[in-house]
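J.: Encoded as structure tokens, here's the structure I'll be asking about.
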Amino acid sequence: MNQLIQQFQQGWQRLAPREQQLLSIAAPVVAVAVLYFGVWQPFQQWRAQQANELKQALSQLHNMQAAIPQLQQGGVRNVQGSLADVVAQAATAHQLKVSRMQPKDAQLQLTLEDAPFNKLLQWLHQLQQQQGVQIVQLEVSAADSPGMVRVRRVVLQ
């Protein structure tokens, strides 16, 4: 370590006074620039992005919590046709893609591809209010894109 310091001091003394002055001013400026552009600015950008993602997640959570009472209301089916047909037609009308549909007794279990949250709510609202379909179980999580949800399971009757 001492040897390294001695080498630095010898190199420094070999420089002309003007070069020493230039390096004395430039070195701190370069160090500050590296810290700002290499550490501070990326950290601030990451922090702003995280705050934005948190705001979006809280908004989605609020929307989902507000929709719970509406989704829990049940009814009696008032449309002719099988439950699978009614659900498939309503999903197509709302541009939702059903990836799996499995009938079980009087119930129908579905899995949907990632969908916009608002379209999912409109679809479920239509099924309940217009077709009288009852939502037994709903498993939803946020998808990777903002405003999109992953519907793992919907059980209807």
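The values are calculated or read from the model by the stated rules, or taken from the named source; none is laboratory data. Bear in mind that the values here come from a model prediction, so they are computed numbers and not experimental data. In case anyone asks, the SASA skips ligands and DNA or RNA and just uses the protein heavy atoms, side chains included. Shrake-Rupley method; radii C 1.70, N 1.55, O 1.52, S 1.80 Å.
J.: By how many degrees, between 0 and 90 and to the nearest 10, does the Cα long axis of helix 41-72 differ from the longest principal axis of the chain?
T.: Compared with the principal axis, the helix lies near 10 degrees.
J.: So who's got an amide H within less than 5 Å of the one on V136, skipping anything under 5 residues away but keeping other chains? H placed 1.01 Å off N, in plane.
T.: Residues meeting the criterion, in which the H sits 1.01 Å from N, are V155, L156, Q157.
J.: A follow-up question, please. Can you list residues whose amide H is under 5 Å from L112's amide H, if they're 5+ apart or on another chain and H is modeled 1.01 Å from N?
T.: Those qualifying (amide H under 5 Å, at least 5 residues apart or on another chain) are S99, V151.
J.: What ratio of Cα Rg to 2.2 N^0.38 Å holds for the stretch 1-75? Intermediate values should be presented prior to the final figure.
T.: Values: Rg = 28.3 Å, N = 75, 2.2 N^0.38 = 11.3 Å.
The value comes to 2.49.
J.: Right, next: Tell me, what is the percent relative contact order of the stretch 117-157, built from C-alpha pairs under 8 Å that lie six or more residues apart?
T.: That works out to 37 percent.
J.: Right, here's the next one. Rounded to the nearest percent, how much of the accessible area of the chain (1.4 Å probe, protein heavy atoms only) is carbon and sulfur?
T.: Values: 6150 of 11190 Å².
It is 55 percent, rounded to a whole number.
J.: Taking Cα pairs under 8 Å and at least six residues apart, what relative contact order does the chain come out at, in percent? Walk me through the numbers before you get to the answer.
T.: On the way: 168 pairs, mean separation 31.7, N = 157.
With pairs under 8 Å counted, the relative contact order is 20 percent.
J.: Rounding to the nearest 10 and keeping the result within 0 to 90°, find how far the Cα-based axis of helix 117-129 lies from the longest principal axis of the chain.
T.: Taking Cα atoms only, the helix is inclined about 10 degrees.
J.: Applying the Karplus parametrisation 6.51 cos²θ - 1.76 cosθ + 1.60 with θ = phi - 60° to the phi angles of the stretch 83-99, what ³J(HN,Hα) value in whole Hz is obtained for each residue in order, glycine and proline being reported as x?
T.: 4, 4, 5, 4, 5, 5, 5, 5, 5, 4, 4, 9, 6, 9, 10, 7, 8
J.: What number in nm² do you get for the stretch 84-129 if you take the convex hull of its Cα atoms and divide its surface by four? Could you put the intermediate results ahead of the total?
T.: Working: hull surface 12.3 nm².
Taking a quarter of the hull surface, the average projection is 3.1 nm².
J.: Under a 1.4 Å probe, what is the accessible area of the stretch 1-148 per residue, stated in Å²?
T.: Per-residue value: 73 Å².
J.: Over every pair of different alpha-carbon atoms in the stretch 6-125, take the mean of 1/r and invert it; report that Kirkwood radius in Å.
T.: Values: mean 1/r = 0.0481 Å⁻¹.
So the Kirkwood estimate lands at 20.8 Å.
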